[in-house]
């Protein structure tokens, strides 16, 4: 034997890099299936496919990741000899801005495009958090119309239903960055003429609001004021705003709770029955944990029909002294009325001031889709599944390249999270059926066995010959078991002579082995001897019986 | 207006990194369609999906790229703080070896898997050569049986037919590394006991044989001897073999031509008619350019049925003094007879000694699928399309990790090249139909227009509202034209009042505009006024008429 070079050097470790993983079988095909379904909806809405490369120049990507301050943090980047710094894309939006700027003369305006594929984040991996994951985006570039945003929201709702999330199990929540800016203006920490003034204070306020789930109202209030000591005793410096400033901001922070109250008051004027129902739906549960109180969005809630109107009135009152804020409320109203006209009511798409998206580039409406059913987390606690998609309007991303403002809006679906949700609910089909396995009784008659699988495949059935060492027949059946094969085919020398084959129903066999009595076992044979020319028909019959 | 930060720093360039490109619309969907078709065939053969991450440790990937000597050359690699050097995968085989070594206790043996996705090569880009491209692989790990190799070849032929390459337009060529090693042994430049001796000479010989297309027989012969002066006057040192050594090697190099001759002689004994046909098919064309003389493989050639047998006899004679060589020929014979039994004759899968695959890790059978039809290259010259898939047996890749030999064999399809071939032949469907465009005559009635597209989509039709500035109606029709829309819908104020809509057949409109007489134009109106509630029916009717 030739000497083995590999022995001279240490063996490489058979491991993925940290934070990466492999996906097997149904994990892969179910994702492919979902992407295809989503692409179908996007396509029907007139969106065109785009696939940009995984690698972009660092310069083109820009720095728009949430919570990232240091250069290149959050991305996988490296330096090319001839091409400077390049990086793996961290989302599909930054590449779209580059694509549109590069090809704008050849693309239609507005340009509706969808894209799907992996993105990479150089972040600390955690349980269920990987450094490569799939996104599936749809964006409209070149339209400033709120009809574009409304369309994105409607399409998102349609998409969730198309992949198997029934109405009532999801909610698309819509807010507008301009409204929050308006509130900041009214509170005196944003001056349109001096956009950089109070940047420090606004940063503290934004981070505090984004953490409302964790800090609760009191914590947020403390961070707006002098500061907050956390459980470990660490003190976080506050924004040091006045009591009246804080009061204005808090009217925004607890807007949802106040709107719930107002809807409840409205319900007082309704019938006793619907009043009771509204009370139950609206006031019983306080927002708790990520995702908040979804029951109040339900369509069987009589107060629900009014929610978007009440919310818009509430926000308009809140920002009445800010031009930007009023513009934001007008935009929300347009989106709401366009959706209403198409039959998307607040039980599916709702105006909700509590949505604050992390990414820095949003300039107007922001969207978030959450699944409202409860699951058990890794510690066995009930919690709502939470966000599976997010997006918004980003009018300045293309301008980075061209200097000309190009309005754009879009949505990104976290496909892996959505798949996890469907699996959690047992809604993924059992598409993972193994192949029919033709066993090998006589190594020299491999051609006969190949001919059998060829016949089975020609009939559209999934089939294979056992290709391991055929000596130990038990290993062949163990293999079939591991493959989750529904049927095994056996043709020994005797059968061959008589023109017969044996067909073994492995699913029934397993059921019988588990719980049948001897009598049942006799009555329901799981192994059949049939003429060779009836092989395909018999296998088909067994597969049909288990359908 | 707020000041724009972007003005303070130079604008980023809107460009992909060198060697990368964007794919639009049908380019993306046609590829997705092809991948789905291929996955369907692989699945029917019992192969399971696997998706590994794009990023691997450099150590796990190893260095198996062809023509790469310097460390990390050929791959995109970078150093991670906590994880050492990592890189983008350059193929799907090296990751499979890592996956199998990592998960072997949980995977069935043999493990049949398929994988599809982009791979990255850090090579000099050229026309039509990109640094990111798609591969679609199928491999069987853990089977030493030639039935595994035969199955891969049969599946490859089935796959090519499934994606639209008809029988006769492709050929799967099979060779065996052991045969070439046997020839080297017979020629005295490979000693089984001293595998490293004559490595220099073998290197020269291999590179020369691999360049047969370009150098022709005389060039190869010169490189085996003293050396060769190329057209520019540069001299390449030869392997300095003796005349008798060169004679042995050349019997391998021109094996195909000699086998063609022998088949022609056999045909002499046949009828005059078939003799004439065989002569035409076999001797008329000398191998020329990449891919060689494919006509001689055609099934209507009476000599064809004998080709594999004649080839195997020829090779067996050539390597009769080498154990390894004889083993290689036996393997080819097994593959050939298994395929023959399944009806895959030499017009689809042929034993062909001229196949030399570039990758260093193959240890036994090697495969190559070529398309045999002619296309015109960028300089307008006719040439055969050439290779679209390749693979072979690599029994040592998993051993790198585990120390235990694990036999494996597989194939990789170059999906982008295959797509290019189908487009070249006009065999990609015109799936690129644009959406129905509902135009906007009155900005305030956006909700009405949205309702129309909602109805069209509910009927399964692709439809969208124009979302650009609606002021200039001409722009809307130009947009519809750019989108390749089949139909435009128009509802102005007058129509609205009368409960009517206008439906414009844009395909017919374009045809008429191009070549109709005035009379025809009058007779075949391309614009229809219908009641609003007949919108969907009318659009459907127009679309059906153009099907």
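The values are calculated or read from the model by the stated rules, or taken from the named source; none is laboratory data. Because the structure is predicted, anything quoted here is derived from the model rather than measured. Positions of Cβ are backbone-derived with ideal geometry, glycine not excepted, and every protein chain shown enters the neighbour counts.
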Pick from segment B:318-344, criterion free of Cβ contacts under 8 Å to residues at least 24 places away in the same chain and in contact with a helix residue (DSSP H, G or I) (Cβ under 6 Å, 6 or more places away or on another chain), ranking: surrounded by the fewest Cβ atoms within 10 Å (Cβ to Cβ): B:341
Output for segment B:21-44, where each listed residue is buried (at least 20 other Cβ atoms within 10 Å of the Cβ), at the interface with chain A (Cβ under 7 Å from one of its Cβ atoms) and out of contact with any strand residue (DSSP E or B) (no Cβ under 6 Å at 6 or more places or on another chain): B:44
Out of A:347, A:260, sole residue that is more than 14 Å from chain B (Cβ to nearest Cβ), modelled with pLDDT of 60 or more, in contact with a helix residue (DSSP H, G or I) (Cβ under 9 Å, 6 or more places away or on another chain) and more than 21 Å from residue A:167 (Cβ to Cβ): A:260
Filter pass, residue B:389 being part of a helix (DSSP H, G or I), surrounded by 18 or more Cβ atoms within 10 Å (Cβ to Cβ) and away from chain A (no Cβ under 14 Å): no
Flag if residue B:461 is under 18 Å from residue B:26 (Cα atoms), touching a residue at least 60 places away in the same chain (Cβ under 8 Å) and within 9 Å of another protein chain (Cβ to nearest Cβ): yes
Only one of B:419, B:397, B:338 that is more than 25 Å from residue B:27 (Cα to Cα) and part of a helix (DSSP H, G or I): B:338
Residue list for segment A:140-191, filter: touching a residue at least 60 places away in the same chain (Cβ under 8 Å), part of a loop (DSSP other than H, G, I, E, B) and within 11 Å of chain B (Cβ to nearest Cβ): A:142, A:143, A:144
Enumeration of residues in segment A:192-204 that are within 13 Å of chain B (Cβ to nearest Cβ) and touching a strand residue (DSSP E or B) at 6+ places or on another chain (Cβ under 8 Å): A:197
Any hit, segment A:232-245, residues being touching a residue at least 40 places away in the same chain (Cβ under 8 Å), part of a helix (DSSP H, G or I), in contact with a helix residue (DSSP H, G or I) (Cβ under 8 Å, 6 or more places away or on another chain) and under 19 Å from residue A:356 (Cα atoms): no
Segment B:420-446, residues that are free of Cβ contacts under 8 Å to residues at least 60 places away in the same chain, under 38 Å from the mean Cα position of the chain (by Cα) and buried (at least 19 other Cβ atoms within 10 Å of the Cβ): B:434, B:435, B:437
Boolean, residue B:400 is in the same structural domain as residue B:155 (by TED's automatic domain parsing), under 26 Å from residue B:39 (Cα atoms) and surrounded by 16 or more Cβ atoms within 10 Å (Cβ to Cβ): no
Residue count for segment A:192-203, restricted to those that are part of a loop (DSSP other than H, G, I, E, B) and touching a residue at least 24 places away in the same chain (Cβ under 8 Å): 1
Qualifying residues in segment B:108-121 (those that are within 8 Å of another protein chain (Cβ to nearest Cβ) and in contact (Cβ under 8 Å) with a residue 24 or more places away in the chain) - the one nearest to residue B:43 (Cα to Cα): B:112
For residue B:489: the one exception among (1) more than 25 Å from residue A:154 (Cβ to Cβ); (2) at pLDDT 95 or above: (1)
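Residues are listed down the side, and each one gets a yes or a no for (1) out of contact with any strand residue (DSSP E or B) (no Cβ under 7 Å at 6 or more places or on another chain); (2) more than 14 Å from chain A (Cβ to nearest Cβ); (3) at pLDDT 95 or above:
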| position | (1), (2), (3) |
| --- | --- |
| B:302 | yes, yes, no |
| B:305 | yes, yes, no |
| B:309 | yes, yes, no |
| B:327 | yes, no, yes |
| B:331 | no, no, yes |
| B:338 | yes, no, no |
Search result, residues across segment B:447-458 that are within 40 Å of the chain's Cα centre (by Cα) and either buried (at least 22 other Cβ atoms within 10 Å of the Cβ) or facing chain A (nearest Cβ under 9 Å) (or both): B:453, B:454, B:456, B:457
Any chance residue B:277 is out of contact with any helix residue (DSSP H, G or I) (no Cβ under 6 Å at 6 or more places or on another chain), modelled with pLDDT of 90 or more, part of a helix (DSSP H, G or I) and surrounded by 13 or more Cβ atoms within 10 Å (Cβ to Cβ): no
Subset of segment B:459-491 (residues that are in a loop (DSSP other than H, G, I, E, B) and either within 39 Å of the chain's Cα centre (by Cα) or within 18 Å of residue A:107 (Cβ to Cβ) (or both)): B:459, B:460, B:461, B:462, B:466, B:467, B:468, B:469, B:483, B:484, B:485, B:486
Test result for residue B:444, more than 11 Å from chain A (Cβ to nearest Cβ) and either out of contact with any strand residue (DSSP E or B) (no Cβ under 6 Å at 6 or more places or on another chain) or within 30 Å of residue A:37 (Cβ to Cβ) (or both): no
Selection count where residues are touching a helix residue (DSSP H, G or I) at 6+ places or on another chain (Cβ under 8 Å), at the interface with chain A (Cβ under 9 Å from one of its Cβ atoms) and at pLDDT below 90, scope segment B:62-96: 2
